[in-house]
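Each remark here refers to the structure printed beneath this line.
The values are calculated or read from the model by the stated rules, or taken from the named source; none is laboratory data. Everything numeric in this text was worked out from a predicted model, so none of it was measured. Here the Cβ is made from the backbone with ideal geometry for all residues, glycine too, and neighbour counts use every protein chain on show. Ligands, DNA and RNA are stripped out before the accessible areas are found, and what is left, the full protein with its side chains, is counted by its heavy atoms. Shrake-Rupley method; radii C 1.70, N 1.55, O 1.52, S 1.80 Å.
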Amino acid sequence: MAWYASPPSWKGKGAMTPIFEAVGLRLIPYDVEHDAQTVAWLNDPELQGDFGLGRKLTLESHRAWIAANSSCLIWAIINESHAHCGNVLLHPVATRSSAYLQIYLDAAARGKGVASRALTSVLNYGFNDLGLHRIWLHTLTGNVAAETLYRKLGFTREGVEREALPRDQGFVDQFCWSLLEYEWRARVEARTR
């Protein structure tokens, strides 16, 4: 379920980020109060490896990224204990009716269905409220947990971007995944029958 201060917009600067309730979760608009935890997560070696990040972030560099990506919709995931346990990002591309999707969680929140519940809310919003046709993402080779999650949500692995990211004096492949609006709608309708 989503609540808005005004009707949603995704046409660039000033895009609204609604609040969602999911079982045991609340997705709220990301704000400066979430920066310290987010930077800590993004500097974690495991998460850096899963995302292909190659440099340490600071609060200043993180804030600069957010300012430079003002059309990106970012949610902080809040759990039942009112703790910030992850973030979801949706980067709309208005000219293509598509959006790039990212999610990352605190290690303690992984494997508990948090990502699935959070992404279901964001996918519903993207397809139903924003009118997107396609939502896409990347995974690095070897990220089996992410691949399992995205398959469960209905994403299709489209292909491999060979040696796309530098890592350990070499390069690693990444997979491109997508989900189309009519595929999502069919999955939702099948679950409600």
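How large is the direction-averaged shadow of the alpha-carbon convex hull of segment 127-172, in nm²?
4.2
Considering just Cα atoms, how many Å³ per residue does the convex hull of segment 115-193 enclose?
In segment 115-193, the Cα hull volume divided by residue count equals 95 Å³.
From the residues His138, Gln102, Val122, which one has its Cα farthest along the dipole of segment 80-146 in the positive direction, the dipole being from +1 and -1 charges on Cβ of Lys/Arg and Asp/Glu about the Cα centre?
Result: His138, furthest along the dipole toward the positive end.
Apply the Karplus parameterisation 6.51 cos²θ - 1.76 cosθ + 1.60, with θ equal to phi minus 60°, to every residue of segment 170-182 and state each ³J(HN,Hα) to the nearest whole Hz, in sequence, with x for glycine and proline.
So the J values, rounded to whole Hz, are x, 9, 10, 7, 9, 9, 9, 10, 8, 9, 9, 4, 5.
With r defined as the distance between the Cβ atoms of Arg191 and Glu60 and R0 fixed at 41 Å, what FRET efficiency is calculated, to the nearest 0.05?
0.40
Picking from Tyr100, Tyr182, Tyr30, which is most flexible by a Gaussian network model of the chain using Cα springs under 10 Å?
With Cα springs under 10 Å in the chain, the top fluctuation among Tyr100, Tyr182, Tyr30 is at Tyr182.
On the Cα set of segment 15-118, report Rg and Dmax in Å, please.
So, for segment 15-118, Rg and Dmax equal 13.5, 39 Å respectively.
So how much accessible area does His133 have, in Å² to the nearest 10, using a 1.4 Å probe?
Using a 1.4 Å probe on the heavy atoms, I get roughly 90 Å².
What is the chain's relative contact order, in percent, from Cα pairs under 8 angstrom and six or more apart in sequence? Walk me through the intermediate numbers first.
Numbers: 310 pairs, mean separation 33.1, N = 193.
Taking the mean separation of contacting Cα pairs over the length of the chain, I get 17 percent.
In segment 71-145, what percentage of the DSSP-assigned beta bridges are antiparallel, given to the nearest 5?
So the antiparallel bridges in segment 71-145 amount to around 80 percent.
Hey, can you grab everything whose amide H is under 5 Å from the amide H of Tyr30? Only 5+ residues off in sequence or another chain; H modelled, so Pro and N-termini drop out.
Excluding prolines and chain starts, which carry no amide H, the hits are Ile74, Trp75, Ala76.
If segment 147-193 were replaced by its equivalent ellipsoid, with semi-axes equal to the square roots of 5 times the Cα gyration tensor eigenvalues, what would those be, largest first, whole Å?
So the equivalent ellipsoid measures 32, 10, 5 Å along its semi-axes.
Across bins of 10 angstrom width beginning at 0, how are the C-alpha pair distances of segment 17-77 distributed, in whole percent?
All Cα pairs, binned at 10 Å, distribute as 20, 46, 30, 3 percent.
Can you pull the percent of Cα pairs in segment 85-145 with separation above 14 Å?
The calculated P(r) of segment 85-145 puts 59 percent of pairs beyond 14 Å.
Which three extents, in whole angstrom, do the alpha-carbon atoms of the chain cover along their principal axes, largest first?
Over the chain, Cα extents along the principal axes are 49, 37, 35 Å.
How much of Phe20 can a 1.4 Å solvent probe reach, expressed as accessible area in Å² and rounded to 10?
Accessible area of Phe20: about 10 Å².
Can you tell me the relative contact order of segment 90-172? Whole percent, Cα pairs under 8 Å, sequence separation 6 or more.
Normalised by residue count, the contact order of segment 90-172 is 25 percent.
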